[in-house]
């Protein structure tokens with residue numbers, strides 16, 4: 001059986017059978033009605049041969065389901081282009097080693113969540129000692145001086161502090177995306193650095209759950225990182241980018 | 001039965017060293033008060049409510065008093081009450097409206113101030129003790145299950161949504177419900193007021209939210225036949241105030257660590273030490289089980305290398321706790337299952353550590369935290385890791401088993417995640433119920449050798465801390481690899497040196513209730 005890249009379906013135990021498993025909760029008391037509702041929902045989602053293999057009472061009128069089904073949908077894999085940060089990712093120890101070897105000094109990285117956005121979760125996950133999901137933050141890197149300014153920082157303040165500390169890179173976090181506030185804030189920050197003639201002085205990195213590399217590049221950043229990013233991803237990118245800039249002779 | 005053969009005289013020596021460490025900083029605790037201790041005293045004397053700008057009245061009063069707080073915030077308030085013949089809340093409302101200046105009161109005899117203060121503090125103790133009696137009587141009628149108690153969290157941000165999820169979890173066997181606080185509340189220097197429906201990654205700790213959850217859990221307990229314990233978080237800049245609110249609303253457990261805020265929230269060390277002591281006296285009077293936060297050490301430091309720092313910190317938390325009147329059965333000392341699962345024999349190392357904690361603190365209901373650091377989006381592996389954690393929990397007879405969620409590190413738990421976690425624990429803990437009495441270890445086994453190694457390293461660390469001093473050890477990064485100097489950190493401005501006239505009417509009343517009359521002057 002040949003793989004047809006134009007018609008990619010999930011693989012259960014044979015090519016393109018479309019088999020998938022899912023689990024979810026419905027706010028219906030456990031019983032035949034809830035089970036039928038789960039089944040109909042699965043069919044509506046495009047599953048053929050949907051089968052509710054497990055139903056459990058969660059209490060308070062909620063029911064849990066495990067459902068198997070075969071999706072009729074498929075994806076044309078030849079039609080996908082992905083824009084992502086393509087540099088190698090090194091672990092913390094390697095990042096420290098590379099910085100020592102390539103720069104012979106600590107790198108300074110400053111970060112903040114700008115504008116009205118009060119969420120520090122993103123910037124904390126990348127910068128704070130504790131990090132996220134077992135991945136230490138930049139504060140933990142021996143060869144990085146990390147300055148986390150927290151949330152609700154004015155773009156002007158972030159830029160001023162970055163100049164004062166002579167930061168190598170600036171991380172701008174945006175979590176709230178209501179009314180496209182993140183796009184406005186990020187654009188404003190880039191414009192500010194350009195107006196001050198400082199755009200080339202810093203590596204600019206944007207981050208947030210609803211951001212990706214493509215969008216960040218469009219907004220004038222050097223990179224963008226979304227969900228699932230850890231400190232080592234950001235550190236590796238910054239190192240690569242600084243080296244690249246240096247070889248282009250744009251530094252100092 | 002001792003499985004590890006830990007030398008009890010070594011345990012007693014470590015306990016002695018921990019006592020020396022904590023007593024070294026007692027003079028610092030005694031000479032200082034904090035804005036939140038003073039606000040907690042005002043709350044104990046009956047002050048509650050907010051002004052027209054939603055600023056809590058205890059904050060209004062303490063902000064208004066400024067330098068005068070060094071005399072104890074209640075002193076001027078009691079004088080004003082005597083002078084105006086108004087209640088404490090009426091006085092505070094007048095202050096809030098700018099109708100009364102506590103700096104311009106006519107002189108009131110000190111003995112009258114002290115007399116009224118003691119009277120109100122005694123009433124407050126009665127109010128707290130009524131809650132203790134209520135808890136005991138409910139537990140007699142609705143007995144709690146045997147340990148390990150299954151502890152799950154709710155964290156929707158909306159107290160009413162939390163209630164539905166908590167009740168569902170109780171119907172599926174949860175013994176303890178913890179309402180996670182919204183991100184950032186630990187750094188607020190006031191306690192929000194009223195019911196709340198918006199939070200991020202958790203729900204605001206307010207007295208009204210405590211009341212709403214308490215009554216809902218009491219309701220569902222009547223149906224299941226088991227009392228349900230309610231937990232909230234006192235750690236942060238308002239530790240003593242939140243404990244007072246919890247004591248009034250019959251919370252059963254409080255996260256109340258002596259060092260967590262310093263290390264993980266960058267709160268000033270002196271502030272935290274002063275706050276933890278007073279708040280733990282209130283916990284003790286209210287028979288609230290405290291939970292300590294040693295599990296967090298292992299999120300920054302390596303769980304194999306830093307195992308002894310957890311045990312050392314437990315000894316320090318125990319020493320502070322006992323000094324504040326908490327009996328061993330009210331000390332939910334923390335530890336965690338955080339060793340890299342890819343490490344060979346990781347389970348044996350986890351089991352060794354869990355058994356060790358059990359053997360060192362036989363009368364305390366240890367708080368055992370599930371894997372978090374090595375949880376990924378692989379929910380299937382995560383579920384398996386939680387099963388191994390539950391096996392270690394039942395094997396080592398933990399008191400408080402904080403059930404792991406398979407979606408840890410992704411999002412706050414779905415309703416179904418909590419159900420799956422309870423299923424996991426029920427299965428493992430039923431299947432291996434008596435494993436502790438059935439298995440012994442060879443003297444040369446890894447489990448026993450590792451436990452002795454951790455004990456020896458703990459002993460070394462505690463002795464070094466005693467030589468160096470706790471504050472210097474913390475500023476040198478000995479705990480959790482994080483350095484926090486004593487003259488820095490959040491909330492520093494709220495640390496005040498007491499004046500010679502300082503008076504806290506709750507101190508003698510609490511001390512007498514807890515039988516601490518002899519030692520209390522060493523500490524506060």
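Give me the distance in nm between label points sitting 7 Å out from Cα along the Cα-to-Cβ direction at residue A:81 and residue B:13, one decimal.
About 7.1 nm separates the two model spin labels.
Nearest 5 is fine: what % of DSSP beta bridges in chain A come out antiparallel, could you say?
50
What distance in nm separates the two pseudo spin-label positions at residue A:88 and residue B:499, each 7 Å out from Cα along the beta-carbon direction?
Simple spin-label model gives 6.7 nm for this pair.
What percent do you get for the relative contact order of region A:1-80 when only Cα pairs under 8 Å and 6+ apart count?
39 percent.
Could you give the angle, 0 to 90 degrees to the nearest 10, between helix B:239-248's Cα long axis and the longest principal axis of the Cα atoms of chain B?
90
Compute the long axis of helix B:159-171 from its Cα atoms, compare it with the longest principal axis of the Cα atoms of chain B, and write down the angle in degrees, 0 to 90, nearest 10.
40
Rounded to the nearest 5, what % of DSSP beta bridges with both residues in chain B are antiparallel?
15
In terms of the Cα gyration tensor, with a ≥ b ≥ c the square roots of its eigenvalues, is region A:132-252 rounded because a/c is under 1.5, prolate because a/b exceeds b/c, or oblate?
Because its axes are fairly even, with a/c under 1.5, region A:132-252 counts as rounded.
Let a ≥ b ≥ c be the square roots of the eigenvalues of the Cα gyration tensor of region B:443-515; is it rounded (a/c under 1.5), or, if not, prolate (a/b larger than b/c) or oblate?
oblate
In whole angstrom, and with the biggest value first, how far do the Cα coordinates of chain A range along each principal axis?
Principal-axis extents of the Cα atoms in chain A, largest first: 69, 49, 34 Å.
What angle, in degrees between 0 and 90 and rounded to the nearest 10, separates the Cα long axis of helix B:207-224 from the longest principal axis of the Cα atoms of chain B?
Rounded to the nearest ten degrees, it is 50.
If a/c stays under 1.5 just call it rounded; otherwise compare a/b with b/c (prolate if a/b is bigger, oblate if not). Do that for region A:106-162, with a ≥ b ≥ c from the square roots of the Cα gyration tensor eigenvalues.
It comes out oblate by the Cα gyration axes.
Under the definition of Cα pairs under 8 Å and six or more residues apart, what whole-number percent is the relative contact order of chain B?
Reported relative contact order: 20 percent.
Mean residue ellipticity at 222 nm from the helices of chain B, using -39,500 (n - 2.57) per DSSP H segment of n ≥ 4 over the full residue count, to the nearest 500 deg cm²/dmol?
So the helix-based figure for chain B works out to -16500 deg cm²/dmol.
Each value in this text was obtained by applying a stated rule to the coordinates, not by laboratory testing. As the structure is a computational prediction, the values presented were derived from the model and not from experiment. Neighbour counts run over all protein chains shown; Cβ positions are idealised from the backbone, glycine included.
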